[in-house]
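See below for the structure under consideration.
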There are 2 protein chains.
Amino acid sequence: MTSTSQQPEQKPTAERVMEAFRGYQRTAAMKAAIELDLFTIIGEGKSTVPDIAAAARASERGIRILCDHLAVQGFLNKAGAAYTLAPDAQLFLDRKSPSCINDAAFGFFASAEVMHSFGSLAAAVRKGGTAAAGQGMMDPNDPLWVDFAVSMVNVQRPMAHGLAKVLNAEAGSPWKVLDVASGHGLFGVTLAAKNPNAEVYSQDWESVLAVAQKNADAAGVAARFHKIPGDAFQVDLGSDYDLVLLTNFLQLLDVAAIEVFLKKIFRVLKPGGRVITLGFIPNEDRISPLGPAVFSLMMLATTPGGDAYTFSDYDRMFRAAGFARSEPVALPNAPQQLIISTK
Amino acid sequence: MTSTSQQPEQKPTAERVMEAFRGYQRTAAMKAAIELDLFTIIGEGKSTVPDIAAAARASERGIRILCDHLAVQGFLNKAGAAYTLAPDAQLFLDRKSPSCINDAAFGFFASAEVMHSFGSLAAAVRKGGTAAAGQGMMDPNDPLWVDFAVSMVNVQRPMAHGLAKVLNAEAGSPWKVLDVASGHGLFGVTLAAKNPNAEVYSQDWESVLAVAQKNADAAGVAARFHKIPGDAFQVDLGSDYDLVLLTNFLQLLDVAAIEVFLKKIFRVLKPGGRVITLGFIPNEDRISPLGPAVFSLMMLATTPGGDAYTFSDYDRMFRAAGFARSEPVALPNAPQQLIISTK
């Protein structure tokens with residue numbers, strides 16, 4: 001290959017390609033660091049390789065190499081021989097931080113089940129949906145959803161608080177709320193905690209609702225927290241709701257299933273009632289911003305027909321189900337966004 | 001968590017942490033695209049989802065999601081509904097490019113064996129070396145090295161040409177060259193191709209030398225290409241060499257083994273003879289630049305004692321083995337660097 005560039009030092013190298021080939025090493029480094037509780041140990045003030053290795057019960061050689069790797073990735077600072085936590089590691093990776101999301105690596109983002117599905121990604125591209133056994137993570141009662149409910153609380157909490165603010169929950173309007181596929185139950189529970197006049201009906205598999213119940217108990221809203229165990233498509237969801245929460249749910253489904261489901265939801269809402277869709281909603285170009293844009297690949301690898309739908313996709317599907325209008329609402333500092341659709 | 005930042009829009013989010021958790025998805029996307037020959041298809045001018053899907057014999061939904069992901073990663077450009085190759089994809093991922101390195105993903109960087117070793121990274125950190133069975137990739141005659149030899153030719157070719165230039169091979173000095181653990185044999189073969197007065201002795205496992213022999217034949221230097229099959233530590237390496245090439249080799253070993261091996265090499269060199277060490281050699285801070293700095297993690301995961309040694313590490317080890325001096329020599333536009341050590 002000859003280069004006609006006038007800046008020979010800047011001709012393309014294979015470095016970016018090799019970095020993409022090595023992507024799995026970033027995952028492995030984060031999982032190993034979390035397993036060894038490295039971020040908590042460094043957060044406690046251990047800063048040198050011998051001190052960190054002693055606290056982690058690991059070899060000095062292994063700790064030195066892992067810490068250097070995490071410094072390259074920007075999660076640790078290195079000054080001379082001393083390591084400290086970078087700001088986002090301090091907030092999100094030190095177990096003593098109330099916003100720590102360590103468990104979400106093992107529980108969802110890089111769980112054995114999800115990573116296994118990505119092992120057959122080429123087959124999923126050929127087929128147009130998960131090449132994992134059965135329906136992938138959409139198998140009824142997949143135990144992955146219990147892990148998800150347990151591990152994703154701190155990832156979702158800022159969004160749950162953002163939602164309560166957007167809906168002005170603290171104004172105390174009497175609300176009957178349906179929380180579909182509620183998982184950890186955090187969205188409904190947070191609305192109930194902020195609004196003493198909200199009654200929340202939380203639907204999910206029985207095993208998952210046990211996790212949501214604990215979160216409702218912890219938030220002191222158990223008396224206004226009601227469970228609807230079963231399959232969202234099959235179970236009687238009740239009626240006369242002011243609000244229906246569809247958080248991280250529609251994106252798991254294909255367009256046909258979403259349209260069927262939205263008609264069911266339309267029927268359980270009061271006139272003027274609202275549906276809150278929360279999920280990864282990329283711009284219309286489907287390649288920005290980063291977090292929502294890359295979510296579609298996870299849906300391809302792990303579900304038969306899920307996707308990262310755009311606002312115009314959702315708008316069309318809600319209209320087809322009879323809703324009057326939908327509007328996008330930004331959640332600040334969150335990878336996920338809201339759509340509010342009115343009956 | 002409360003933030004005291006004056007720019008609330010810029011408070012830390014978990015996005016960078018989640019991106020690291022998802023690192024394996026970048027690997028999976030690249031491997032799927034290579035398996036489906038997506039970059040070659042787009043390089044041929046297919047630009048829309050239906051056309052690309054037809055050529056790749058894959059679903060339109062899968063192709064759309066994969067192409068969007070590759071656009072997010074910057075390997076494709078997307079304009080409206082049309083995808084084209086970004087410059088580095090054109091050079092390094094289109095099979096029709098003479099510098100295509102696709103095979104290196106499956107043959108080495110993200111091979112099943114290497115990825116498997118990263119699956120027990122926490123155990124490797126505890127232990128201080130590979131937690132894979134046996135000696136990891138240092139098992140005698142590991143078939144990985146045949147895959148490496150076959151698949152890494154285009155990754156290494158620019159470095160082999162850079163080396164020939166640095167050594168001024170074209171001047172035609174009579175050289176007796178030993179190429180240790182030669183793999184594809186490209187470094188020795190390139191010196192022989194550029195210098196008609198060079199005789200090259202290539203040492204590696206018998207199965208690997210078969211690959212090097214093919215490269216020597218193809219380069220028209222078979223008459224000056226000699227094979228030394230066996231274990232580098234055990235086999236008689238010959239004597240009176242002008243040059244010994246240690247490319248991508250010392251970094252696989254621990255310090256004690258390197259010092260033993262360098263003494264053996266010292267003995268087979270002529271007085272004034274030179275050793276060329278080529279490998280991933282980070283700066284003394286061990287966390288820059290990116291490619292060399294992250295290489296140590298691969299050595300931790302896959303070998304009992306390998307590392308990304310710095311220049312001062314190598315300088316000390318060469319002195320301990322009796323060498324007069326070592327000097328670092330930069331290879332332009334290459335992730336790997338050179339050290340020339342003189343007897």
message = Give me the dipole magnitude in Debye, nearest 20, for the protein assembly as shown about the Cα centre, with unit charges on the beta carbon: positive for Lys and Arg, negative for Asp and Glu.
response = 600
request  = Could you tell me the distance between the Cα centroids of segment A:82-135 and segment A:19-45, to the nearest Å?
outcome  = 12
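Using just the alpha carbons, could you tell me how many Å³ per residue the convex hull of segment B:253-343 encloses? Display every interim value, and only then the final one.
Working: hull volume 8.1 nm³, N = 91.
So the per-residue hull volume is 88 Å³.
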Set of segment B:264-280 residues, backbone N closer than 12 Å to the point 7 Å along the Cα-Cβ line of B:T342 = B:272-275
ask   = For segment B:226-343, with the dipole built from +1 on Lys and Arg beta-carbon atoms and -1 on Asp and Glu ones, taken about the Cα centre, which of B:V294, B:A257, B:N283 lies farthest toward the positive end?
value = B:A257
key: Helical segments meeting 15 Å axial Cα length and Kyte-Doolittle 1.6 threshold in chain B (DSSP H)   = B:290-302
note = Once the in-chain neighbours fewer than 8 apart are removed, the lysines whose Cα is under 19 Å from B:K46 read B:K78, B:K96
remark   = Placing +1 on each Lys and Arg Cβ and -1 on each Asp and Glu Cβ in segment A:71-190, then taking the dipole about the Cα centre, the residue among A:M115, A:A71, A:M159 whose Cα reaches farthest towards the positive end is A:A71
ask   = Within the P(r) computed for the protein assembly as shown, what percentage of the Cα pairs occupies the region above 39 Å?
value = 41
ask   = Residue by residue through segment A:92-102, which ³J(HN,Hα) values in whole Hz follow from phi under the Karplus form 6.51 cos²θ - 1.76 cosθ + 1.60 (θ = phi - 60°), with glycine and proline marked x?
value = 10, 10, 7, 4, 7, 7, x, 9, 4, 10, 3
message = What does the structure give for B:295-302 when I average, per residue, the other chain Cβ atoms found within 10 Å of the residue Cβ?
response = 5
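Treating the beta-carbon of each Lys and Arg as +1 and of each Asp and Glu as -1, no other charges, what is the dipole magnitude of segment B:231-343 about its Cα centre, to the nearest 20 debye?
300
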ask   = Given a 1.4 Å probe, how much area per residue of segment A:174-256 is accessible, in Å²?
value = 35
query = Simple spin-label model, 7 Å along Cα-to-Cβ: A:E15 to A:A54 in nm?
reply = 3.8
³J(HN,Hα) computed for each position of segment B:238-244 - Karplus, 6.51 cos²θ - 1.76 cosθ + 1.60, integer Hz, glycine/proline x = x, 7, 6, 7, 7, 9, 10
note = With a 1.4 angstrom probe the carbon and sulfur portion of accessible area for segment B:240-343, in percent, totals 56
note = Taking R0 as 30 Å and r as the Cβ-Cβ distance between B:Q213 and B:E44, the FRET efficiency 1/(1 + (r/R0)^6), rounded to the nearest 0.05, comes to 0.35
request  = Estimate for me the total accessible surface buried between chains A and B (protein heavy atoms, probe 1.4 Å, no ligands or nucleic acids), in Å² to the nearest 100.
outcome  = 7700
query = Hey, can you list the residues from segment A:40-68 whose accessible area shrinks by 10 Å² or more with all protein chains present, relative to the chain by itself (probe 1.4 Å, no ligands or nucleic acids)?
reply = A:R57, A:A58, A:S59, A:R61, A:G62, A:R64, A:I65, A:L66, A:D68
note = Label points for B:S312 built 7 Å along Cα→Cβ; distances to same position in the other copies, nm, shortest first, come to 5.9
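Mind checking the dipole of chain A: about its Cα centre, +1 per Lys or Arg Cβ, -1 per Asp or Glu Cβ, Debye to the nearest 20?
Roughly 320 debye, rounded to the nearest 20.
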task = Quick one: which residues, 5+ away or cross-chain, put their amide H under 5 Å from the amide H of A:K227? H built at 1.01 Å from N.
result = A:S202
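Have a look at the DSSP beta bridges in chain B and tell me what percent are antiparallel, nearest 5.
Percentage antiparallel, nearest 5: 45.
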query = Carbon and sulfur: what percent of segment A:1-111's accessible surface (1.4 Å probe)?
reply = 50
note = Treating every alpha carbon of chain B as one equal point scatterer without solvent, the Debye formula yields log10 I(q)/I(0) values at q = 0.09, 0.15 Å⁻¹ of -0.57, -1.29
task = Within segment A:212-242, which residues have the backbone N less than 14 Å from the label spot 7 Å out from A:S173 along Cα→beta-carbon, could you tell me?
result = A:241-242
FRET efficiency, A:R95 to A:N141 (Cβ-Cβ, R0 45 Å, nearest 0.05) = 0.90
query = Here are some pairs, A:K165/A:K194; A:K214/A:K263; A:K176/A:K263; A:K127/B:K31; which of them have Cα atoms lying more than 21 Å apart in this structure?
reply = A:K214/A:K263
request  = Mind giving me the FRET efficiency for A:T84 and B:A330? R0 is 25 Å, r the Cβ-Cβ distance, nearest 0.05 is fine.
outcome  = 0.20
ask   = Just going by the charge dipole of segment B:1-152, with Lys and Arg at +1 and Asp and Glu at -1 on Cβ, which of B:A131, B:G45, B:S99 is farthest out on the positive end?
value = B:A131
request  = Calculate the mean, over all residues of peptide B:190-200, of how many other protein chain Cβ atoms lie within 10 angstrom of the residue's Cβ.
outcome  = 0
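Considering only the protein assembly as shown, what is the antiparallel percent among its DSSP beta bridges, to the nearest 5?
45
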query = Tell me, what is the 1.4 Å probe accessible area of B:W145, in Å² to the nearest 10?
reply = 40
request  = Express the accessible area of segment A:1-159 per residue in Å², computed with a 1.4 Å probe while the remaining protein chains stay in the model.
outcome  = 41
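The values are calculated or read from the model by the stated rules, or taken from the named source; none is laboratory data. Small disclaimer: the values here were computed from a predicted structure and weren't measured. Positions of Cβ are generated from backbone atoms using ideal geometry, with glycine treated the same way; all protein chains shown enter the neighbour counts. Side chains included, ligands, DNA and RNA excluded: accessible areas come from the protein's heavy atoms. Shrake-Rupley method; radii C 1.70, N 1.55, O 1.52, S 1.80 Å.
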